[in-house]
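What follows is calculated from the coordinates using simple rules that are stated; it is not laboratory data. Everything quoted here is computed from the prediction, not taken from an experiment. Cβ placement follows ideal geometry from the backbone for every residue including glycine, while neighbour counts extend to all protein chains displayed.
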Amino acid sequence: MFPTVPMAQQTLRQKLEILADAAKYDASCASSGTAKKNSLGGKGVGSTEGMGICHAYAPDGRCISLLKILLTNHCIFDCHYCINRKSSNVARARFTPREVVDLTLNFYRRNYIEGLFLSSGIVRSANHTMEQLVEVARILREEHDFRGYIHLKTIPEADAEIIHQAGLYADRVSINVELPTQAGLTRLAPDKNAGQIEGAMGRTRARIIEAKDERKRFRHAPRFAPAGQSTQMIVGADDANDAAIIGKASRLYGAFGLRRVYYSAFSPIPDASAVLPLKRPPLLREHRLYQSDWLMRFYGFAAQEVADAAEADGNLPLDIDPKLAWALKFRASFPVDVNRAAKEQLLRVPGLGTTAVGRILAARRHRTLRLDDVARLTASVAKVRPFICTIDWRPTLLTDRADLRRLLAPRQEQLELF
Ligand code: SF4
């Protein structure tokens, strides 16, 4: 049981403590889900674990700090994995829209933040809550001419017109799919529906495209979520394996033009529902899903190819990254000749990132590359060497998959960092 102060007597600071802490379970910010890297219990300099501030990437690529809070942690829904669900025994608090505006402006003027990430439990109804979220953004933009970044969580059960309003004020909107399958939603989030969630994503995508087209024709046409839409999936609360999660993410990117899918390893919550697993999945699983996401977005891998790297249980291996896992399974695709291979083939080589591939392509225009050249152009030639050939190098040993896996897997101490 959490210590409670009656809501009517809560100070702004007490509300902030409750509602910033409650928001930390939402992973839709770039810094969420990272491991703590300091000796002060996660609250030292540079910590991303403390409550209240998260980081995100603005459309121009800058990393910005956001005030990350909930409007309220009251909720009429009862999602089993959520600490704010109706049946959870937590201290509750609720901001008014004006209170959130004042906090945002205060922090912004002191240079603590460059924007706001606002989400909410559902109070009274989806429409009422969505109207309150939109009201925060409206006051900031219209009454205070706030130019900072705003990310609004939207509630798919709310009317399309209210969600549309959110996109007119926010830089980014997001709608959480929460779980990859309707079966998972039915079991763990009985008030939610995959069709409704994807319907809202589809309408948001259509409006983003319309607004972009209109701005090409009319310079002053209203903007609509210029930083696009994103979503979050919880990993490990249900029995969906990585292959199912990767397939779902790929479909969402394709169907709704999402900017990002965030993966959030389920973490056991105080006063947890009995239907949830008792243990959190390894944080490394979340990390492997982010790596697989990068393979699909930047390395030309199809979802099925990433899923092919999974083990027999459909989960990605934890001891090696998914690109290496794929390469070890499909050894016949290697070695890749760095002097002749197409960019797409080079991007498949474990240890070659997009920057290194760009350097190789540029360098080989002027000369034929030797292994030493590759070593200068890449971070770790030891990782790359078994999968490439150059004018003076062709791997002859280490063709055995088990050997390679043992040699190339990071040491256990490194894995334990996650
Ligand atoms: S609707 Fe959102 S806040 Fe409410 S219980 Fe579900 S996940 Fe939690």
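Worth pointing out:
- Amide hydrogen proximity for residue 337: with H placed 1.01 Å from N in the peptide plane, the residues at 5 or more positions away or on another chain lying under 5 Å are 389.
- Charge context of residue 243, other residues only, Cβ under 15 angstrom, K/R +1, D/E -1: -3
- Environment charge of residue 14, counting only residues whose C-beta is closer than 15 Å and scoring Lys/Arg +1, Asp/Glu -1: +1
- Couplings for the stretch 173-179, taken from phi via the Karplus curve 6.51 cos²θ - 1.76 cosθ + 1.60 with θ = phi - 60°, read 10, 9, 10, 7, 7, 6, 10 Hz in order; Gly and Pro are left as x.
- Estimated at 0.36 nm per residue, the fully extended path between residue 102 and residue 271 surpasses their Cα-Cα distance by 57.6 nm.
- log10 of Debye I(q)/I(0), alpha-carbon scatterers only, for the stretch 89-232 at 0.14 Å⁻¹: -0.70
- Spherically averaged projected area of the stretch 322-415 from its Cα convex hull (nm²): 6.0 nm²
- Ranking of 296, 233 by count of other Cβ atoms within 10 Å, fewest first: 296, 233
- Rounded tilt (10° steps) of 97-109 against the dominant C-alpha axis of the chain: 50 degrees
- Across the stretch 102-211, the relative contact order, built from alpha-carbon pairs under 8 Å that are at least six residues apart, equals 22 percent.
- Other-chain or far-sequence residues with amide H under 5 Å of residue 235's (modelled H): 264, 265, 266
- Fully extended contour minus Cα-Cα distance, from residue 125 to residue 366, at 0.36 nm per residue: 80.3 nm
- Extents of the stretch 60-104, largest first, come to 40, 26, 14 Å (Cα atoms, principal axes, whole angstrom).
- The loop-placed trypsin sites (Lys or Arg not before Pro) in the stretch 161-262, going by DSSP, that have at most 14 neighbouring Cβ atoms within 10 Å of their Cβ come out as 219.
- Between 0 and 90°, nearest 10: helix 12-23 axis offset from the chain longest Cα axis: 40 degrees
- Computed [θ] at 222 nm, deg cm²/dmol, the chain (DSSP H ≥ 4; -39,500 (n - 2.57); rounded to nearest 500): -11500 deg cm²/dmol
- Relative to the 2.2 N^0.38 Å rule of thumb, the stretch 7-299 has a C-alpha radius of gyration ratio of 0.95.
- Start at zero, step by 5 Å, and the Cα-Cα distances of the stretch 241-314 spread as 3, 15, 24, 22, 15, 11, 7, 2, 0 percent across the bins.
- Sorted largest first, extent of the stretch 64-135 alpha carbons per principal axis (Å): 38, 22, 19
- Simple Cβ-charge dipole of the chain, Lys/Arg +1 and Asp/Glu -1, about Cα centre, in debye nearest 20: 1260 debye
- Degrees, to the nearest 10: 126-138 long Cα axis against longest axis of the chain: 80 degrees
- Restricted to Cα atoms, the stretch 255-389 shows a radius of gyration and a Dmax of 18.1, 64 angstrom.
- Kirkwood hydrodynamic radius (C-alpha pairs) into Stokes-Einstein, the stretch 165-254, 10 °C and 1.306 mPa s, D in µm²/s: 111 µm²/s
- Alpha carbon centroid spacing (whole Å) that separates the stretch 96-117 from the stretch 256-315: 32 Å
- Charge tally in the Cβ shell below 10 Å around residue 167, where Lys, Arg are +1 and Asp, Glu are -1, residue 167 excluded: +3
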